Amino acid sequence: MSTKTNTKTFADRFPEEASIVRRAFLVAFVALGLGALFGIIQALHRTNVLRFIPSTDYYTVLTAHGVLLVIVFTIFFLVGLYQWAITRSLDRSPENITFTKAWLGLMSLGSLLAGATILLGFINEIGISADVLFTFYAPLQAHPLFYAGLAVFLVGTWLAGVDWFRTWLAWRRENPDERIPLQTFMVLTSMIMWYIATIGVAIAVLFFLLPWSLGFIETVNPLLTRTLFWFFGHPVVYFWLLPAYMLWYTVMPKIAGGRLFSDPLARVVFVLFVLLSTPVGIHHQYVDPGIAEGFKFIAMVNTMFLLLPSLLTAFTVVASIEHGARQRGGSGYLGWLKALPWRDPAFTGMALAGLMFAAGGFSGMVNAGMNINYLVHNTLWVPGHFHLTVGTAVTLTMMAGTYWLWPQITNKRLYSRPIALGQVVMWFGGMALMSNAMHVAGLFGVPRRTAEPQYQSFSFETVFGTVGELRIQIAVGGALLFLSTVLFLSNLMLSWGNPKTSGLGQTLPPALSGPSDSPRVLDNLKLWTVIALVLVVLAYALPLGSIVADSGLLGPGGNAYPVIVDVSQILTEGFAGAFDSFAEVIR
Amino acid sequence: MHIHKYEKLWFGISLLLIVGFIATVTYGAVGAGIQMVNNDETVNPNALSEHPKFSDPGVEQVGPNEYDVYVIAQQFIFRPGSTVAGQPPITVPANSTVNFHITSLDVIHGFSVVGTNANTMAIPGEVAEITVEVDEPQEYGIVCHEYCGQAHHTMEGVMKVVPEDEYNGSDQ
Amino acid sequence: MNVPQFARTRGGMLVGLVVVAAIGFEIRTVLGMFFGIDLPATPYLIVLIGILSVIGIILDLTRSTGGDSAGQ
């Protein structure tokens, strides 16, 4: 923004909290940079454009890419954003800032532990690795410090929620009859969803995987731990998405020159996510044995209804920016689009992210379609889908949001707005190329999570074009994304060198239709929590019970498979001798 | 709560879309008869060599045009299937019904007949059962699409649908 | 079509052209997957980018000069 305001910035009003936000963002962006580097390595490797690491190391790269980007980057950004949001919307500091620093420290420690075990996988001599990918399915086993790191990270996020609930409760004591301010409402509902969601992965890690990796238990039930992971694995995507929604709902209308169309509808959307995010996880296991078709059908129905809050968001966001455009003087059926601030990278980034999210939502609808899932399960279609959703809707919005938030948490201007605009447009273009190719290749049967999708005994057949051109698309698209990330990070680093200045404060206007227009029951967080838990029990009690009844809590099988397998021995001895090789695998 | 007219319209269309999707998927399930992988047999992955069927995985005729195929997925081959590793290809005659029974010896693998909707997971302790109709003679590739270790990308196989007169009985 | 009320900005034009380019690229996929029409990639992209570049240049040259470049 080039105009000066008389508003104090967040950094002026809450300097310690601004420092927390900056620290959280710093960790997030370091993870983003490293994750992006691994991403381009993958894009070039699996397309056979440039391979400079052994294919066995590809899986270390893939694990790092996943964990750094969707655990570290997204969640550290979330805690930074939410700390800003709750502090400014309640206009109040945390009850105990040392507690705040403590949970941030725990999250950092956990990330460091898990991250280090992953990266040490590059050095075979050390014998510590976690080449288990972001989903860490047993019986593949990582080093115990990987699981310990994840647990510590999780506890850190739980304490962040405690911190924010405490702040809200203290505010409520002083403001007993007021409606929860919208951004605070979003923070609290996100955390309720998170607490429910992490039950699954916490049980899997603390009761099974961590003791198993330490040798306290011999085996685990692979289907059980996999199901517990996906209990968490679906709601986590909404944990990534809800910060982006917060930006689209509360910041984007302001940048567009207007106000949020409806506060009540925003609350309804977040409540729907609390209720429906978790009882859908089995849609990631549509083709798994051991889970009855009836449970899969229930998950499918729940998932289809989970489309509703996102569809409602599409309406509200477009309506809000249309309002902004008309405030700026735009008119006409579609002509108001011209009146939007397209030169503003914060606005354009969020708008392009939203546009791409629509495409991602549609490919998600296909994934949800139970029997259609046979065509796309574990193919490259799936990464095509999630690079549109977490990769663009979330990541690009977070980048765009940073451009807007930056001056207010640092009192410094952004180094270059044109470069920022170029960066967000490049992200959009690169992702369009890469994700398109991934979707198409997936429909032709190309698998995901594979270092070399080029096979000896058969070749992939295309309906149009060639597999070669799809590979080039992925490589070029990936390169554009990497370049875009470099531009983003450089711009921020150079911005850090800018002098502090004044007049950068921004206010967020209230919604057109305010909280008083909505029924009070929306603010009844206890009610929504109870309903959410009931739905989770209905969706998961029977499937989990059935898995345990059929093959036991600790399963037959589930013997540990530490990921460093002596591949050369297997290949030279021939596959008939494969059985003997496993007896000799040492960790 | 004031809801704008257009928002109510949009809400209505969204619900219609959602119900429509549920209806088409339900049709696929009960009308077209596409069954999802269900909760069938469990096995002991440490004792597959003692299992009546998995001790000798392969193709077995069970009806006039019906065949059972037992496949073991393990690091990093399909038995049968992985011709690159000396295993026989999965061979069935054209115009028949094929029941796959797939399990894993060690870690979680994927099993996908490329270009078809025969796509499932091989989980140790569980048996994935899917039934497909094979039509004309053709050769298909099989991939493992779930990361299963360092040589995951080498895990591939072949399925051959041969003309009926060329099929010479369970040959595994 | 009414007279545009806003000075076209280079940033805005860039965004618009890139969005149209992405849509144009996706059309080739739709034609291929849904209608079985196989349009070779390289000539298609060259034509698409060529046309959009020409449009972009024309839009830039016909931009009202003296427009508010500090505005958004």
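Any chance you could list P(r) for region A:144-253, counting all Cα-Cα pairs in 10 angstrom bins from zero, rounded to whole %?
The distribution over region A:144-253 is 13, 35, 28, 16, 7, 1, given as percents.
If you take each beta carbon of peptide A:349-356 and count the beta carbons of other chains within 10 angstrom, what is the mean? Intermediate values should be presented prior to the final figure.
Working: counts 0, 0, 2, 4, 0, 0, 3, 1.
That works out to 1 on average.
Greater than 19 Å separation of Cα atoms is the criterion. Which listed pairs, A:LYS254/A:LYS338; A:LYS8/A:LYS254; A:LYS338/B:LYS8; A:LYS254/B:LYS5; A:LYS8/A:LYS412; A:LYS296/B:LYS8, meet it? All intermediate terms of the calculation are to be shown ahead of the outcome.
On the way: A:LYS254/A:LYS338 17 Å; A:LYS8/A:LYS254 17 Å; A:LYS338/B:LYS8 27 Å; A:LYS254/B:LYS5 23 Å; A:LYS8/A:LYS412 13 Å; A:LYS296/B:LYS8 31 Å.
Pairs exceeding the cut-off: A:LYS338/B:LYS8; A:LYS254/B:LYS5; A:LYS296/B:LYS8.
Give, as ranges by residue number, the residues of region C:45-61 whose backbone N falls under 20 Å from the point 7 Å along Cα→Cβ of C:VAL30.
Output list for this probe position: C:45-52.
Cα centroid distance between region A:537-561 and region A:187-233, in Å?
First find each Cα centre; the distance between them is then 13 Å.
If we restrict to alpha carbons, what Rg and Dmax does region B:1-105 come to, in Å?
Cα only, region B:1-105: 22.7, 70 Å (Rg, Dmax).
Mind ranking A:MET252, C:MET13 by accessible surface for me, highest first, 1.4 Å probe?
On the way: A:MET252 5, C:MET13 25 Å².
The ranking, largest first, comes out as C:MET13, A:MET252.
Residue farthest toward the positive end of the dipole of chain B, with Cβ of Lys/Arg at +1 and Asp/Glu at -1: which of B:GLY20, B:SER104, B:GLY115?
In chain B, that residue is B:GLY20.
Mind grabbing the accessible area of A:MET493 for me, 1.4 Å probe, Å², rounded to tens?
Accessible area, nearest 10 Å²: 140 Å².
Provide Rg and Dmax in Å for the protein assembly as shown, with only Cα atoms included in the calculation.
Every Cα atom of the protein assembly as shown included, Rg and Dmax give 27.2, 87 Å.
What is the calculated FRET efficiency for A:LEU214 to B:THR116, with r their C-beta to C-beta distance and R₀ = 51 Å, to the nearest 0.05? Don't jump to the answer; show the numbers that get you there.
Working: r = 42 Å, r/R0 = 0.83.
In this case the efficiency is close to 0.75.
Sort A:418-428, A:515-525, C:36-46 by packing, meaning the average of other beta carbons within 10 Å per residue, with the highest value first. Can you show the working numbers first?
On the way: A:418-428: 22.2, A:515-525: 14.9, C:36-46: 12.7.
For the peptides A:418-428, A:515-525, C:36-46, the packing ranking is A:418-428, A:515-525, C:36-46.
Putting +1 on Lys and Arg Cβ atoms and -1 on Asp and Glu Cβ atoms, find which of B:GLY58, A:VAL463, B:PRO163 reaches farthest to the positive end of the dipole of the protein assembly as shown.
Working it through, the farthest residue towards the positive pole turns out to be A:VAL463.
For region A:400-547, just the Cα set please: Rg and Dmax, both in angstrom.
24.4, 66
Determine the gain in length on full extension of the stretch A:ILE123-A:ASP12; use 0.36 nm per residue of separation and subtract their C-alpha separation, reporting nm with one decimal.
Length difference between fully extended and current span is 35.4 nm.
Please list, in chain and number order, the residues 5+ apart from B:GLY110 or on another chain whose amide H is under 5 Å from its amide H, with Hs placed from the backbone.
B:ALA122, B:HIS145, B:GLU146
So what is the calculated 222 nm ellipticity per residue for chain A, using -39500 (n - 2.57) for each DSSP H run with n of 4 or more, over all residues, to the nearest 500 deg cm²/dmol? Walk me through the numbers on the way to the answer.
Working: 23 runs with 372 residues, N = 587.
Estimated from H runs of four or more residues: -21000 deg cm²/dmol.
Compute accessible area for region A:215-235 by itself and then with all protein chains, 1.4 Å probe, and report residues whose area falls by 10 Å² or more.
In region A:215-235, residues shielded by partner chains: A:PRO222, A:LEU223, A:ARG226.
Please give the net charge around B:VAL37, taking every other residue with its beta carbon less than 10 angstrom from that of B:VAL37, where Lys and Arg add +1 and Asp and Glu add -1. Each step should come with its number before you reach the end.
Details: positive: A:LYS296; negative: A:ASP288, A:GLU293, B:ASP40, B:GLU126, B:GLU129.
With Lys, Arg at +1 and Asp, Glu at -1, the net is -4.
Taking a ≥ b ≥ c as the square roots of the eigenvalues of the Cα gyration tensor of region A:150-208, is the shape rounded (a/c under 1.5), prolate (a/b larger than b/c) or oblate? Please report the intermediate quantities before stating the final value.
Details: a/c = 3.57, a/b = 2.61, b/c = 1.37.
In terms of gyration-tensor shape, prolate.
Contact order normalised by length for chain A, with contacts defined as Cα pairs under 8 Å and 6 or more residues apart; what percent is it?
The value is 21 percent.
Of all DSSP beta bridges located in the protein assembly as shown, what percent are antiparallel, nearest 5?
Values: 30 of 45 bridges.
Taking every DSSP beta bridge within the protein assembly as shown, about 65 percent pair in antiparallel fashion.
Whole-Hz ³J(HN,Hα) for each residue in region A:60-66, computed from phi via Karplus 6.51 cos²θ - 1.76 cosθ + 1.60 with θ = phi - 60°, x for glycine and proline: what do you get?
5, 4, 5, 4, 4, 4, x
Report the FRET efficiency, 1/(1 + (r/R0)^6), for A:VAL486 and A:LEU334, where r is their Cβ-Cβ distance and R0 is 45 Å, rounded to 0.05.
Working: r = 35 Å, r/R0 = 0.78.
According to the calculation, E is roughly 0.80.
Give me, ordered by chain and number, the residues 5 or more places off B:THR91 or on other chains with an amide H under 5 Å from its own placed amide H.
The answer is B:LYS160.
Go ahead and run the numbers for FRET between A:ARG166 and A:VAL30, Cβ-Cβ distance against an R0 of 22 Å, rounding to 0.05. Write out the running numbers ahead of the final one.
On the way: r = 29 Å, r/R0 = 1.31.
Between A:ARG166 and A:VAL30 the formula returns 0.15.
Report the charge-dipole magnitude of region B:1-108 in Debye, nearest 20, computed about the Cα centre from +1 at each Lys and Arg Cβ and -1 at each Asp and Glu Cβ. All intermediate terms of the calculation are to be shown ahead of the outcome.
Details: 4 positive and 9 negative charges, 127 e Å.
With Lys and Arg at +1 and Asp and Glu at -1, about 600 debye.
Determine how many Å³ per residue the convex hull of the Cα atoms of region B:45-167 encloses.
93 Å³
State to the nearest 20 debye the size of the charge dipole of region B:45-167 about its Cα centre, where the only charges are +1 on K and R beta carbons and -1 on D and E beta carbons.
Details: 3 positive and 17 negative charges, 89 e Å.
It comes to approximately 420 debye.
Using each residue's phi in region A:35-40, evaluate 6.51 cos²θ - 1.76 cosθ + 1.60 at θ = phi - 60° and report the 3J(HN,Hα) Karplus result to the nearest Hz, with x for Gly and Pro.
These are the phi-based 3J(HN,Hα) values: x, 5, 4, 5, x, 5 Hz.
Read phi for every residue in region A:130-135 and hand back ³J(HN,Hα) as whole Hz from Karplus 6.51 cos²θ - 1.76 cosθ + 1.60, θ = phi - 60°, with x for Gly and Pro.
Couplings: 8, 7, 10, 6, 4, 8 Hz.
Given the options A:VAL70, A:SER546, A:ALA256, identify the residue whose Cα lies farthest towards the positive end of the charge dipole of chain A (+1 on Cβ of Lys, Arg; -1 on Cβ of Asp, Glu).
Looking along the dipole axis, the top candidate is A:ALA256.
Normalised by the number of residues in chain B, what is the relative contact order in percent for Cα pairs under 8 Å and 6+ residues apart?
Values: 350 pairs, mean separation 38.9, N = 172.
Contact order relative to length: 23 percent.
Heavy atoms only, 1.4 Å probe, whole protein assembly: order A:ARG46, A:ARG343, A:ARG328 by accessible area, highest first. Walk me through the numbers before you get to the answer.
Working: A:ARG46 25, A:ARG343 55, A:ARG328 75 Å².
Correct descending sequence by accessible area is A:ARG328, A:ARG343, A:ARG46.
Please list A:ARG449, C:ARG10 from largest to smallest accessible area, probe radius 1.4 Å, with all protein chains kept in place. Let's see the in-between values first.
Details: A:ARG449 25, C:ARG10 145 Å².
I get C:ARG10, A:ARG449, largest accessible area first.
Average partner chain C-beta neighbours within 10 Å, per residue of C:39-48?
On the way: counts 2, 4, 8, 2, 0, 1, 1, 0, 0, 0.
Average neighbour count from other chains, rounded to a whole number: 2.
Which value, in debye to the nearest 20, describes the size of the charge dipole of chain A about its Cα centre when Lys and Arg Cβ atoms bear +1, Asp and Glu Cβ atoms bear -1, and nothing else is charged? It would help to have the intermediate numbers written out before the result.
Working: 33 positive and 28 negative charges, 460 e Å.
Rounded to the nearest 20 debye, it is 2220 debye.
The values are calculated or read from the model by the stated rules, or taken from the named source; none is laboratory data. A quick note: this is a predicted structure, and the numbers were derived from the prediction, not measured. Note that each Cβ is placed from the backbone with ideal geometry, even for glycine, and that neighbours are counted across all protein chains shown. Calculation scope for accessible area: heavy atoms of the full protein, side chains included, ligands and nucleic acids excluded. Shrake-Rupley method; radii C 1.70, N 1.55, O 1.52, S 1.80 Å.
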